[in-house]
Structure formats: structure tokens, C-alpha cells
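Input: a single structure, listed below in C-alpha cells.
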Amino acid sequence: MIDSLLIANRGEIARRIVRTTKRLGIRSIAVYSEADAGMPFVTEADEAVCVGPANPAQSYRNTEAILAAAKSTGAQAVHPGYGFLSENAEFARAVEANGLIWVGPSAEAITAMGDKINARNLMAAAGVPVAPGTQDPAATVEAALAAAEDIGFPVMVKAAAGGGGMGMAVAADPDALRTEYDKVRAFAERMFGDGSVLIERYFPRVRHVEVQILGLADGRVVALSERECSVQRRNQKLVEEAPSPAVSPELRQRFLAAAVKAGEAVRYRNAGTVECLLDPSTGEFFFLEMNTRLQVEHPITELIHGLDLVEEQLRIASGEAPTFDPDALTTTGHAIELRVNAEDPKRFLPGPGKVATWVEPSGDGVRVDSGYAPDTTVTPFYDSLMAKLIVHGSDRADAIAKARAAVAGFEIVGPKNNLPFFAELLENPEFLGGDYDTGIVARMR
């Protein structure tokens, strides 16, 4: 097993990884920016190295500084968490070129799945369902218009190099497509350095369902449970639950089989997620993208399976067998995750600030993965996620009841927070009935 791990990330995911390393007796090394000095993940790690100023480009995305920290501390391996450099193939290559173990998939798999058009084509060839769309980038607005006519309006305009809900727009007609094509292309060039644009069918009512996979050290790909991720604002997830209330046993088997095919197509190793769109009116699902890293919402899968996915990642990277029998996976109960963000609960605009009061809920089936504590500060330099409030119940109704109590018992004073939104959602008839889609937040507002 790996004996020392540098965590190339910050906040709650760095802190969460430290918890697993402590349990396994692995020396943990945190890297931090000047803005994060004194944060819980820094003080709880066995060692910590400052890698630069607040600007992520000069710290958490600074490959040279992170590799220098690994070398100076004698780290054996690097875990990238999520975000920042986690899906950067060049970083993965650099880690391995420096004689370190990369806790993640191969650089080749990251590259293959990082381009949406290439990923769609690979999945189609592997027999994974994909939505009608372009097989090559729409190089001009005229090409985009021609593709849209073949696909049928409305269409989704996507940055081929995008991810996590960024670089997407809906066009209902040719005029809208002309406008959105230029916007998405410009955004993609600015954010990803690649202006390639994909045109794909848009589904007015759709659910977002994903499957957690693990590419094991022996080469097998295992699909765990699915997660429902349809509670979103601006294509960004707010709430996830497992299992999905929309997925029948028969549909689940189709989802899991498709996810295994997706992983096998790129010889996937370590943790990843196959994201799909589900048309609730037909039961059809389509490949959306593959996240070649650990997901924010991994705790709900952990709770229903009784696993520690970070431990599984470390075991795979060490060449060891998993802690579970891949042929005898079971699930228990229902889990829900609420992303507690520093944002107002109405318009979801960022509201950073110093934390004056931070009281986390506790109790049976309640877990909080947090990045903050009293007297720490949510700065504007990073993502607004402060904590993940996760509950596990005997069934969905029990999980919702525990979530209500936990939301009521979570006290944050200082930064704005979206806990009032969760209190509203957990009383919403559409959510309670389980028959919701990605438009639920918009309908609530």
C-alpha cells in the first residue's frame, strides 16, 4: 500500500482524503495557497506545504510547485481530488514522469474522455447509447445550423472540451443558434483553450443519472450503484441521491452494463463516473460525459454500499485488490447529499465571508464533509462549496426525514448559504414524489 500521499487539492475533499489516510496509517501531505493557511485541511494533514498565492493558476494549478512539494516531502503518490488538475492529462503524465504514483486513471483515458466529441464517438463504437449529435466539431455557424436541421430543434450547444455543466446553451431556433454558437465558442476558447463546439439533441424534460465505476488493478471494470443528480441550478448539481427514484431494476441493469462498456472502451483504471441523460417519458438513456476522477457526490455511493471510495482508489493505485467482492455487491437503504454553498438561497449568487458560527448537525445516519470551521473565511478565489451534508436512511422517506432534521440543525453565520433552499426543497411535492427532472429548481423559483 502507498505509504505517503500528497493531496493536490483543498477544502472539504482534501480534508476528506486526510480522514482515510489517517485510518490507513498513510502519511498525508497537504498543499495550500497563502489564502488557505490555517484552514482545517492544512492543520489536519501530517505535513503541509505552501505552493503559492491565492490565484489557483499560481498555486493549486501550478504543476511545478506541486511536484516540488512532493519531492521535498518525500511523497510516494499524488491524489488530485476533483477540480483543479484532477482531469489534466499532462499533470498525470508529469506526476508519473517524476517517479510518483498517480491516484487516478491513465493520462490516455483522461485525454480520450476529455473531449466530448471524441468521447461520444468512442462510446457509440463501444455500444453505449449516445444522443443524436455531431460526430465532428461544428467548425462554423453554418455547419452548426446544418447539423441542427438534421437533429431537429431545440438543440444543445456544447463546448467539446467543457465539463461539469460549463460551456452549454440551448438554442430553440436558427436565430438563437447563431447567437449561442458564438457565445459558447468564445467561452470555450477563453476557459478551455479549445473553441470546438458540439451540437446535440436537447431534451426539454430529462433526468441526470450517473453510474460510479471502478477500474480495478486486475483490469476489470466494476459498476457500483447509480446516482440521481437532477436537482441543478445553471447545470450545476445541488442535490444527489442514491439509488435514483426513477430507475427500475431492469433499467438499472442497463445503466450498469453501459457504464462497464464505457470503462472497458478506454481500459479505465481507478474511480470514474459515467454520466447519462434519462428521458423519463421513454426510459431511454444517453451517454453525456465521463468524469475521470472522484466525484463530489461520491459519499452517497459509499453509504449505500458500505465502502470508502478513497481507500479503494488507493488500493487500486497500489496494485491491490478491492476491499469488496466485485461479484457480490449489495446496497442498503437510501442516501441523499446536499451541497452547502456560500451563496444566497434565491438567485444562487456567491456570498463569501468570514465564518462567525459553524455548528454541524450530527446523529444516526448524518455525515458532514466540510472544508470550513469557525473563524475561517470563504474567499472569492475558489468554488463556493463549504460542506456536503449527507444522510443515510432505511429508505427514501427516512433519508428525507433525516435530511430535514439535519438542515434545521446546521447553523452557519457569516457567509451566505443555501440551507433555506434545501429546507424548501425537502417539502416540495415534486421532489417528495420522486418524479422530478432537471427543471425542478427553475420551477421552484
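Yes or no: segment 347-366 includes at least one residue that is surrounded by 18 or more Cβ atoms within 10 Å (Cβ to Cβ) and polar (S, T, N, Q).
no
Since ASN9 meets every condition but one in (1) surrounded by 21 or more Cβ atoms within 10 Å (Cβ to Cβ); (2) at pLDDT below 95, which condition does it not meet?
Only one criterion in (1) surrounded by 21 or more Cβ atoms within 10 Å (Cβ to Cβ); (2) at pLDDT below 95 is unmet by ASN9, namely (2).
Hey, could you check segment 324-352 for residues that are more than 20 Å from GLN295 (Cα to Cα) and either among the β-branched types (Val, Ile, Thr) or not assigned by TED's automatic domain parsing to the domain that holds ARG220 (or both) and say which is modelled with the highest pLDDT?
Once the filter is applied, the top-ranked residue is THR332.
Among the residues of segment 43-56, is any surrounded by fewer than 19 Cβ atoms within 10 Å (Cβ to Cβ), aliphatic (A, V, I, L, M) and at pLDDT 95 or above?
Checked segment 43-56: at least one residue is surrounded by fewer than 19 Cβ atoms within 10 Å (Cβ to Cβ), aliphatic (A, V, I, L, M) and at pLDDT 95 or above.
If I ask for residues that are of a type outside the set (D, E, K, R) and assigned to a loop (DSSP other than H, G, I, E, B), which ones from segment 309-325 would you list?
SER318, GLY319, ALA321, PRO322, THR323, PHE324
Would you be able to say whether some residue in segment 366-378 is in contact with a helix residue (DSSP H, G or I) (Cβ under 7 Å, 6 or more places away or on another chain) and either of a type in the set (Lys, Arg) or without any contact (Cβ under 8 Å) to a residue 24 or more places away in the chain (or both)?
Yes, some residue in segment 366-378 is in contact with a helix residue (DSSP H, G or I) (Cβ under 7 Å, 6 or more places away or on another chain) and either of a type in the set (Lys, Arg) or without any contact (Cβ under 8 Å) to a residue 24 or more places away in the chain (or both).
How about segment 326-389: which strands (runs of 3 or more DSSP E) wholly inside it have at least 1 residues that are under 22 Å from ASN9 (Cα atoms)? Working first, answer last.
Details: elements: 334-341, 357-359, 366-370.
Answer list for segment 326-389: 334-341, 366-370.
Among the listed residues ALA399, ALA403, identify the single one that is within 22 Å of ILE304 (Cα to Cα) and touching a Leu at 6+ places or on another chain (Cβ under 6 Å).
Checking each option against the conditions leaves just ALA403.
For segment 393-436, list the helices (runs of 4 or more DSSP H) that sit wholly inside it and hold at least 3 residues that are of a type in the set (Lys, Arg) and farther than 19 Å from VAL378 by Cβ; which are they?
Output list reads 396-408.
Here are the criteria: (1) among the charged types (D, E, K, R); (2) more than 25 Å from ASN55 (Cβ to Cβ); (3) at pLDDT 95 or above. Tell me which single one ASP375 does not satisfy.
Of the numbered conditions (1) among the charged types (D, E, K, R); (2) more than 25 Å from ASN55 (Cβ to Cβ); (3) at pLDDT 95 or above, the odd one out for ASP375 is (2).
With the checklist (1) part of a loop (DSSP other than H, G, I, E, B); (2) in contact with a Phe, Trp or Tyr (Cβ under 8 Å, 6 or more places away or on another chain); (3) under 13 Å from ALA8 (Cα atoms) in hand, flag the one item SER86 doesn't pass.
Condition (2) is where SER86 drops out.
For segment 147-183, which positions are of a type in the set (Val, Ile, Thr) and under 16 Å from ASP136 (Cβ atoms)? If you could, list the steps in order and put the result at the bottom.
Step one: of segment 147-183, the residues of a type in the set (Val, Ile, Thr) are 151, 155, 157, 170, 179.
Within segment 147-183, ILE151, VAL155, VAL157 qualify.
Which condition breaks for ALA258 when tested against (1) over 29 Å from ARG120 (Cα atoms); (2) crowded, with 19+ Cβ neighbours inside 10 Å?
(1)
(1) buried (at least 19 other Cβ atoms within 10 Å of the Cβ); (2) at pLDDT below 95: which one isn't true of ALA69, the others all being true?
Here ALA69 clears every test but (2).
Tally the residues that are under 24 Å from GLU149 (Cα atoms) and of a type in the set (S, T, N, Q), restricting the search to segment 171-226.
Matching residues across segment 171-226 total 2.
For segment 256-265, indicate whether the set of residues that are among the basic types (Lys, Arg), closer than 26 Å to LEU85 by Cβ and touching a Gly at 6+ places or on another chain (Cβ under 8 Å) is non-empty.
Scanning segment 256-265, I find no residue that is among the basic types (Lys, Arg), closer than 26 Å to LEU85 by Cβ and touching a Gly at 6+ places or on another chain (Cβ under 8 Å), so the answer is no.
Every residue in segment 304-323 that is touching a residue at least 40 places away in the same chain (Cβ under 8 Å) and either in the same structural domain as ALA77 (by TED's automatic domain parsing) or of a type in the set (Val, Ile, Thr) (or both), please.
Across segment 304-323, the qualifying residues are ILE304, VAL310, ILE316.
Pairs, please: C-beta under 7 Å, at least 6 apart or cross-chain, first residue in contact (Cβ under 8 Å) with a residue 60 or more places away in the chain and in segment 2-30, second of a type in the set (Asp, Glu)?
ARG10/ASP36; GLU12/ASP369; ARG15/GLU44; ARG16/ASP369; THR20/ASP308; THR20/GLU311; LEU24/GLU311; ILE26/ASP3
Looking only at segment 132-139, decide whether some residue is more than 20 Å from the chain's Cα centre (by Cα), surrounded by fewer than 21 Cβ atoms within 10 Å (Cβ to Cβ) and at pLDDT 95 or above.
no
Could you list, in sequence order, the residues of segment 165-181 that are surrounded by fewer than 18 Cβ atoms within 10 Å (Cβ to Cβ) and either touching a helix residue (DSSP H, G or I) at 6+ places or on another chain (Cβ under 7 Å) or part of a loop (DSSP other than H, G, I, E, B) (or both)? So that I can check it myself, show each step before the final result.
Within segment 165-181, the first condition is being surrounded by fewer than 18 Cβ atoms within 10 Å (Cβ to Cβ), and the residues that meet it are 165-166, 170, 172-176, 178-179.
Answer for segment 165-181, where residues must be surrounded by fewer than 18 Cβ atoms within 10 Å (Cβ to Cβ) and either touching a helix residue (DSSP H, G or I) at 6+ places or on another chain (Cβ under 7 Å) or part of a loop (DSSP other than H, G, I, E, B) (or both): GLY165, MET166, ALA172, ASP173, PRO174, ARG178.
Being crowded, with 19+ Cβ neighbours inside 10 Å, in the same structural domain as VAL366 (by TED's automatic domain parsing), in contact (Cβ under 8 Å) with a residue 12 or more places away in the chain and not charged (D, E, K, R) is the requirement here; does THR301 meet it?
Yes; evaluated as a whole, the condition is true for this residue.
Pull up segment 92-109, narrow it to residues that are assigned to a helix (DSSP H, G or I) and touching a residue at least 40 places away in the same chain (Cβ under 8 Å), then point me to the one that is surrounded by the most Cβ atoms within 10 Å (Cβ to Cβ).
Among those that are assigned to a helix (DSSP H, G or I) and touching a residue at least 40 places away in the same chain (Cβ under 8 Å), it is ALA109.
The values are calculated or read from the model by the stated rules, or taken from the named source; none is laboratory data. Only a predicted model underlies this, so the values are computations on that prediction, with no experimental measurement involved. Neighbour counts are summed over all protein chains in view; Cβ atoms, including those assigned to glycine, are modelled from backbone coordinates with ideal geometry.
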